[in-house]
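Each remark here refers to the structure printed beneath this line.
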Amino acid sequence: MAQTPPVVLTIAGFDPGSGAGVTADIKTIAALGCYGVACITGLTVQSTVGVRRVEAVDAGLVADTLAELASDIEIAAVHVGMLGCGKVAQAVVDFLRSRKMPNVVLDPILKSSSGADLVDATGVRLMTERLLPLAAVVTPNIDEASALTGLAVTDTDQMRAAARKLHQMGAPAVAITGGHLEKAIDLLSFTGKRGIEQEVFKSARIKSNSTHGTGCAFATSVACHLALGRGLPEAVLLAKAYVAAAISHAHPLGHGIGPVHHLYRMQQQRRVLAADPES
């Protein structure tokens, strides 16, 4: 009998282009050998050109969906993405508190890359005051880290300072992604045996017009690796490598910023099978 894969729950919005949000998260979860379940927090009207409209889902529906999933399925990790509004954020806080979910990865999504607000002011407050302490790790990009802390975040030293501020705000671990910097630098900051420990992960920046959904893919990938029993530094390193490969294997789509290729490994597997003379 095949071994049952760990279940990863994604709590996020719906992107009809599947570059980000729950449908993209499900692709990432499948690519990394886990089984994905989802709760949609909001609907968006968007394409590769940008976000046109955002509608939060009824908070009661979100609460019922989460309760139903948790009552039936053992969840190994949780990815929290777009929340949409304060009422939905409160429903997610209540769920995580009551169920004590393991390996919660919070991707503090505030705005789309095109500038549309993806959570209201109440949602931001609940995120910073109540969700941060419930997460195993928080994964802001440099703009989100700046917005959450009120600090400028444009280089490694400022990333370190922002991480320390996020710890003070209640986050036990922080992975700040710097894909928008000249070099793709990510900073992991966590509490170890010697207190706060920080590791820097560097790589060359990939020039591509297919970068939509990188934050979702990174955070969801971290959740998957935690669900698979890996430590946080390894999970962050593997997530960074996955996102880089998903960007480099992406193909053009749409007239704006295209999505990464979440399932690039499937194409590689098909090539291997095609090259096998016994297949």
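Within the span defined as the stretch 66-73, every residue fails to be assigned to a loop (DSSP other than H, G, I, E, B), touching a strand residue (DSSP E or B) at 6+ places or on another chain (Cβ under 7 Å) and surrounded by 19 or more Cβ atoms within 10 Å (Cβ to Cβ).
Every condition in (1) closer than 28 Å to Gln168 by Cβ; (2) in contact with a helix residue (DSSP H, G or I) (Cβ under 8 Å, 6 or more places away or on another chain) holds for Pro233 except the one numbered (2).
For the structure I just gave you, tell me whether Ile40 is modelled with pLDDT of 95 or more, at negative phi, β-branched (Val, Ile, Thr) and under 17 Å from the mean Cα position of the chain (by Cα).
Values: modelled with pLDDT of 95 or more: yes; at negative phi: yes; β-branched (Val, Ile, Thr): yes; under 17 Å from the mean Cα position of the chain (by Cα): yes.
Yes; evaluated as a whole, the condition is true for this residue.
Note on the stretch 216-243: among residues that are of a type in the set (Gly, Ala, Ser) and touching a strand residue (DSSP E or B) at 6+ places or on another chain (Cβ under 6 Å), the one that is surrounded by the fewest Cβ atoms within 10 Å (Cβ to Cβ) is Ala227. Spot the failing condition for Thr128; the list is (1) touching a strand residue (DSSP E or B) at 6+ places or on another chain (Cβ under 6 Å); (2) within 19 Å of Gly86 (Cα to Cα), and only one is missed. Thr128 satisfies every listed condition except (1).
In summary, Glu197 fulfils each of the numbered conditions (1) part of a strand (DSSP E or B); (2) crowded, with 24+ Cβ neighbours inside 10 Å with the single exception of condition (2). All of (1) surrounded by fewer than 20 Cβ atoms within 10 Å (Cβ to Cβ); (2) modelled with pLDDT of 95 or more; (3) among the β-branched types (Val, Ile, Thr) hold for Thr4 with one exception: (2).
Evaluate the stretch 28-42: report whether one residue or more is out of contact with any Cys (no Cβ under 9 Å at 6 or more places or on another chain), assigned to a helix (DSSP H, G or I), among the aliphatic types (A, V, I, L, M) and open to solvent by 20 Å² or more (accessible area, probe 1.4 Å). Scanning the stretch 28-42 turns up at least one residue that is out of contact with any Cys (no Cβ under 9 Å at 6 or more places or on another chain), assigned to a helix (DSSP H, G or I), among the aliphatic types (A, V, I, L, M) and open to solvent by 20 Å² or more (accessible area, probe 1.4 Å).
Hey, can you tell me all the residues within the stretch 224-269 that are part of a loop (DSSP other than H, G, I, E, B) and among the aliphatic types (A, V, I, L, M)?
Step one: filter the stretch 224-269 for residues part of a loop (DSSP other than H, G, I, E, B), giving 228-231, 249-258, 260-263.
Correct list: Leu228, Ala250, Leu253, Ile257, Val260, Leu263.
If the condition is being in a loop (DSSP other than H, G, I, E, B) and polar (S, T, N, Q), then the stretch 7-27 contributes only Ser18.
When Ala217, Ala173, Ala244 are screened for being more than 17 Å from Asp107 (Cα to Cα), under 19 Å from the mean Cα position of the chain (by Cα) and touching a residue at least 40 places away in the same chain (Cβ under 8 Å), only Ala244 passes.
The values are calculated or read from the model by the stated rules, or taken from the named source; none is laboratory data. Because the structure is a prediction, the values reported are computed rather than measured. Neighbour counts run over all protein chains shown; Cβ positions are idealised from the backbone, glycine included. What goes into the accessible areas is simple: the full protein's heavy atoms, side chains included, and nothing from ligands, DNA or RNA. Shrake-Rupley method; radii C 1.70, N 1.55, O 1.52, S 1.80 Å.
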